[in-house]
1. With +1 on each Lys and Arg Cβ and -1 on each Asp and Glu Cβ, and nothing else charged, work out how big the dipole of the chain is about its Cα centre, in Debye to the nearest 20.
2. Carbon-plus-sulfur fraction of the accessible area of the chain, 1.4 Å probe, in percent?
3. Assigning unit charges at the beta carbon (Lys, Arg +1; Asp, Glu -1) and nothing else, what dipole magnitude in debye, to the nearest 20, does segment 351-391 show about its Cα centre?
4. Note down the nm distance, to one decimal, between modelled labels 7 Å out along Cα→Cβ at Asp15 and at Met326.
5. Which of Leu317, Leu97, Leu347 moves the most in a Gaussian network model of the chain with Cα springs under 10 Å?
6. What residue among Cys96, Val263, Ile49 has its Cα farthest toward the positive end of the dipole of the chain, where the charges are +1 on Lys, Arg and -1 on Asp, Glu, each on the Cβ?
7. Return one quarter of the surface area of the convex hull spanned by the alpha-carbon atoms of segment 171-334, equal to its mean projected area, in nm².
8. Among all the aspartates and glutamates, which ones have a C-alpha under 16 Å from Lys381's C-alpha, if same-chain residues fewer than 8 places away are not counted?
Amino acid sequence: MKALCWHGKGDIRCDSVPDPKIEDGRDVIVKVTACAICGSDLHLMDGYIPFMEKGDILGHEFMGEVVDVGRANKKLKVGDRVVVPFTICCGECPQCLRGNWSVCERTNRNADNAIKAFGYQTAGLFGYSHLTGAFAGGQAEYVRVPYADVSPIVIPNGIPDEQALFLGDIFPTGWMAAANCEIEPTDIVAVWGCGPVGQFCIKSAFMQGAARVIAIDNVQERLALAQLAGAEIINFDEIDGTIPDRIKDITHGHGADKCIDAVGAESHATASFDAVIDKVKAATLLGTDRPHALRTAIMACRPGGIVSVPGVYGGFLDKIPFGAAMNKGLTIRTGQTHVNRYSLDLLRRIEEGEIDPSFVITHRATLEDGPELYETFRDKKDNCIKVVLTP
């Protein structure tokens, strides 16, 4: 079959690889009908996530048709349309039973790597390095889905792929980021990053009752989409002074009650000294992540507020203003998304017409075009916000 594979930093190829097979009775094989390139895939492309190996199949945002079912799997049948969450969950461990799906205690086949990096093992993830189990990803024609009697979401035939696809990652990621903010009707919510996750953070914040949402980025097309959703926008390349000061200006001194960092490890801010130092450290292997957005979110958040961090970080962060977080009494909430905690509710909202998640798609292509589209997405060329691929 065809699949997008990692061959080194900046080197993504469409390869011919062996077809997957049933390995366990709970498995299914899914014929992929749609998959997407996620912002966190770029962290793999750019070498920010460790334990990648040449030939690893990428992709953790995909859906398709079940074409083979293991004998022990009683949930799914051949012909079912499913969205497969990026987290692989056993459904039986204490964390799964609490609904903490992304920290399942059993599915990471390379638990020792995770323990070294994080202190404890976390869930297995599709297409996301040998740190999270070395499971083949979904940017392929077929995928083996382990523990498939737990996470996959059966999709009614009346919902198109492009509306359902993002239930596997970015829609619930944006929703959880907003839910972590405990939004109240008078809240002003500031969102750093207007990429795909940031767009769903904005939509989710409004759906959960925010009074105002302020979106921060420097890509005009992304800011325009945020504005279309009702957000007030700040282009950080076009302001005098700091982002926290600008937020205070447009809120008459109030500031942001809740802040969301939807940027993560690869902040592209260039005007501030700390961002320049981050980039130099990362380029010279003296640092791992570039957390400028997180620093700014902490400084911008009002006392007693919440900083929610759906943006992915992979290593050690420095110069974090933790003194500001402590003295302002901030709550910081983060984590990989517990997709199945939210998926059925979000599917209902799609069915009822409350939201059409396909609004974020700007590029459609085939797997063969995938390597080129990775670069287009990374470099924000051709007004690129979200790429959907079909095998």
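The values are calculated or read from the model by the stated rules, or taken from the named source; none is laboratory data. These figures come from a predicted structure and were not determined experimentally. Positions of Cβ are backbone-derived with ideal geometry, glycine not excepted, and every protein chain shown enters the neighbour counts. We work out accessible area using only protein heavy atoms, side chains counted, and drop any ligands, DNA or RNA first. Shrake-Rupley method; radii C 1.70, N 1.55, O 1.52, S 1.80 Å.
1. Numbers: 39 positive and 51 negative charges, 171 e Å.
Around 820 debye, computed over the chain.
2. Details: 8230 of 16080 Å².
After summing per-atom areas, the C and S share lands at 51 percent.
3. Working: 5 positive and 10 negative charges, 52 e Å.
The dipole of segment 351-391 has a size of about 240 debye.
4. 4.7
5. Comparing Leu317, Leu97, Leu347 in the GNM, the peak value goes to Leu97.
6. Comparing the listed Cα positions along the dipole, Cys96 ranks first.
7. Numbers: hull surface 34.7 nm².
Computing the convex hull of the Cα atoms and averaging its projections yields 8.7 nm².
8. Straight-line reach from Lys381, under 16 Å: Asp217, Glu221, Asp369, Glu372.
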